[in-house]
1. Quick check on the chain: helices-only [θ] at 222 nm, where DSSP H runs of length 4 and up contribute -39,500 (n - 2.57) each and the sum goes over total residues. Nearest 500, please.
2. Using the per-residue mean of other Cβ atoms lying within 10 Å as a proxy for protection, in what order, highest first, do the peptides 141-153, 89-101, 109-121 fall?
3. Can you spot the lysines whose alpha carbon is less than 21 Å from residue 23's alpha carbon? Ignore those fewer than 8 places along the same chain.
4. Mind checking the log10 I(q)/I(0) for the chain at q = 0.09, 0.17 Å⁻¹? Debye, one equal scatterer per Cα, no solvent, two decimals.
5. Setting aside same-chain residues fewer than 8 positions from residue 138, which lysines have a Cα under 17 Å from its Cα?
6. Could you give me the ³J(HN,Hα) list for the stretch 20-36, computed from phi with Karplus coefficients 6.51, -1.76, 1.60 and θ = phi - 60°, whole Hz, x at Gly and Pro?
7. How tilted is helix 115-142 with respect to the longest principal axis of the chain? Cα atoms for both, answer in degrees (0 to 90, nearest 10).
8. Can you give me the angle between helix 147-158 and the longest principal axis of the chain, using Cα atoms only, in degrees from 0 to 90, rounded to the nearest 10?
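Values in this text are rule-based calculations from the coordinates and carry no lab data. Note that the structure is predicted; figures quoted are calculated from it, not measured. For neighbour counting, all protein chains shown are included, and Cβ atoms are generated from backbone atoms with ideal geometry for every residue, glycine included.
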Amino acid sequence: MIMWYIQREGRTIGPVDAEGARKLCQTGGLKHATLACRVGDQAWSRASSDAELLRILEPGIPTTPSLASMAPPPSVASTTSWDVRKTATAHRTALILFLISIPVTGVWLGTLRSPSANLLVSFVSLALSIGTIVYICKALSAMRANVGLIVLCAILLIAPCINLVTLLVLSQVIQRNLKSVGLRCGLLGVSEARLSAANF
């Protein structure tokens, strides 16, 4: 009897047999683009690329029986060519540092008349900005981005006026990659709990 592990909202469900897969299909938990892995296989793929699941998704196609071992499923982490955990952690840290820098900038504007306070707040603001750049570069590095691209992004993050746009674009790219492996991203990226729940 064929059994599968199914990725649903960042969680691994299973093993499920054909009847369980039909129930998931009826409730919307199994679609053509859903990630699935046969018990015993080493790779996750879209449900529509598995002949048996395709027959469940599109009833009427005749099925052929096959055997599967009861080995534990490979984690999605083992099937990706980049480090999902490091990417998600660095991205989340960069977003937190950026959000902290917003009120610090407001304080900096309020201390313009006091040189000593202004200098202190300037150092804090600079440290937060450098930290944001470093962690965005770490996230890109964990995603196996080209070194030239990482250097270009770091330069753009330093440049006034375009640094915010660059940060937003890079954050969207990182989030799109994290979502491609079944992780849900919130305002501050992917939490540690979601990473652990998805076996990363």
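1. Estimated from H runs of four or more residues: -17500 deg cm²/dmol.
2. Details: 141-153: 14.2, 89-101: 20.0, 109-121: 12.0.
Result, highest mean first: 89-101, 141-153, 109-121.
3. Excluding near neighbours in sequence, the set is 31.
4. -0.48, -1.05
5. Counting by Cα, and skipping residues close in sequence, residue 138 has these lysines nearby: 86.
6. For the stretch 20-36, the Karplus-derived couplings read x, 5, 4, 5, 4, 4, 5, 8, x, x, 10, 10, 4, 8, 5, 6, 9 Hz, x marking Gly and Pro.
7. It works out to around 30 degrees.
8. On a 0 to 90 degree scale, this one is about 40.
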